[in-house]
Amino acid sequence: MNKSIIPFIFLFLLIVLSCYSLSAAEDNIEIPFQGNSYTTSGTTDIINVQTGLINDNAQWDKKTIVSIYFRVFREGDLTLSLNYSTDSNTKMKVTVNKKSFLVNCPAGEKKNVSIGKIEKIDPGYVRVDFSEIEKEGNSYPQIISLSVGGESLKDGLCFVDNPDSNFWGRRGPSPNILYTLPEGDVEWFYNEVTVPKGFDPVGSYFEANGFREGYFGMQVNSETERRILFSVWSSFKTDNPNEIPEEKRIILNRKNENTISQPFGNEGAGRQNFMKYNWKAGVTYKFLIRCRPDPKKENCTEYTAYFYSPEDGWMLIASNSRPKTVTYYTQAYSFSENFYTQAGYITRKAYFGNQWAYVIGKGWVEVTKALFSANNGQRMDYKGGVENGRFFLQNCGFFDDYTAAGTLFLVRETKGKIPEINFDKLP
């Protein structure tokens, strides 16, 4: 989770400018392997996580496929050539738009070889697959980049154009919803989250109840582990939790016996609280946070997170206090992100419905308006909107029908069900 996900309207302008600034004035454009490639088939990921290049000891088996993605904006022809290095003569199969080419790569450093031409490419993302490599020597070729040209590039091209963006580019975009809270002091914020079946790959984090000082949602950490995660940032600006002065460290007030609470860093710093919980796709879960000036600690704000599952009811995750802060709930938001770079080519999606804010002196007020944005300017596989009365976010997977900048403001129907919560009986 990165602090930069907090949605701001100007991010969408950066997205549009970034993608269209790559409009092709030249005949050919070079798409780096770094930041644009994934191992999309095979038993082992052969791409180095740190460098974004093929591992020196990579073993391509018959099922291994490495794919490069980029987006074109005009229908037309597409020509491709490969920039590579290899210490021995090599052959490989390259597939584009269901058309395959057998490419011979003579030994040499930083060489270029023609792949071929596709007569017609539709606007949208293009996937180029490399597979079935046959080599004469001991090592596999190192793919440097893909050179593309043709009529389909005349209206522009979108790809990760900076090798230093290997990490963020391969992770993919993180779309956000910023809810419009009612006027007054909001003490509680309630949200319901449903992840459709098949849209919960490893590396997913679905943020339900974000607030200005932290976040609360659910994630997929591995094939066998899932978590409910609640974190609060310190008011001291650092990525190293050990640098936070004692008087500004997040205080743990109480927690569930199954919750692990510990300092965190590398994205700002503070305290994270998580519970390992095998939440399931297709099931609706409820998230509730209380945010108020701490009644027991001077010049502090208390944040208390509760999670509800149909099987176990309401559960306390943790209660934290943030020194040097006195506030109620502000900047309510949700988002969807991928934190696993190897899985940036797999789509994830979540529905967010039935949002309510509890305002002091007014009670529960339904929240039906929101602002959509996204924070990755080098990819366009993100979307958001309203479906069947719920907000939704979708990201990664290189799908074509992204949400354009003209549809930023979202409104869902006022048909929600007021939360039936007895505050005095919460754990």
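The values are calculated or read from the model by the stated rules, or taken from the named source; none is laboratory data. Since this is a predicted model, take the numbers as computed values, not measurements. We place every Cβ from the backbone using ideal geometry, glycine too, and count neighbours over all the protein chains shown.
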Go through (1) buried (at least 23 other Cβ atoms within 10 Å of the Cβ); (2) closer than 30 Å to Glu247 by Cα for Ser373 and report which single condition fails.
(2)
Which of (1) at pLDDT below 95; (2) surrounded by fewer than 22 Cβ atoms within 10 Å (Cβ to Cβ) does Ser174 not meet, given it meets every other one?
(2)
Test: Phe392 is closer than 25 Å to Gly198 by Cα, surrounded by 21 or more Cβ atoms within 10 Å (Cβ to Cβ), aromatic (Phe, Trp, Tyr) and at pLDDT below 95
no
Across region 83-131, what is the total count of residues that are more than 31 Å from the chain's Cα centre (by Cα), at positive phi and charged (D, E, K, R)?
1
Select from region 332-353 the residues that are closer than 20 Å to Tyr285 by Cα and out of contact with any Ser or Thr (no Cβ under 8 Å at 6 or more places or on another chain) and list them in ascending order.
Ala332, Tyr333, Ser334
Residue list for region 100-118, restricted to those being charged (D, E, K, R) and at pLDDT below 95
Glu109, Lys110, Lys111
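So, restricting to strands (runs of 3 or more DSSP E) that lie completely within region 305-408, which ones have at least 3 residues that are under 12 Å from the mean Cα position of the chain (by Cα)? Let's see the steps before the verdict.
On the way: elements: 313-323, 333-338, 348-359, 363-367, 369-374, 382-387, 390-395.
Fully inside region 305-408 and qualifying: 333-338, 348-359, 390-395.
Just for strands (runs of 3 or more DSSP E) wholly inside region 13-78: which have at least 1 residues that are modelled with pLDDT under 90?
Working: elements: 28-32, 37-41, 65-72.
Per the criteria, no element qualifies.
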Six or more apart or on different chains, Cβ under 9 Å: which pairs go from a residue in region 172-192 that's within 30 Å of Gly344 (Cα to Cα) and touching a residue at least 60 places away in the same chain (Cβ under 8 Å) to one that's surrounded by fewer than 19 Cβ atoms within 10 Å (Cβ to Cβ) and among the small types (Gly, Ala, Ser)? Could you list them?
Ser174/Ser4
Considering region 237-261, residues that are basic (Lys, Arg) and in a strand (DSSP E or B), and then whichever is surrounded by the most Cβ atoms within 10 Å (Cβ to Cβ), we arrive at Lys255
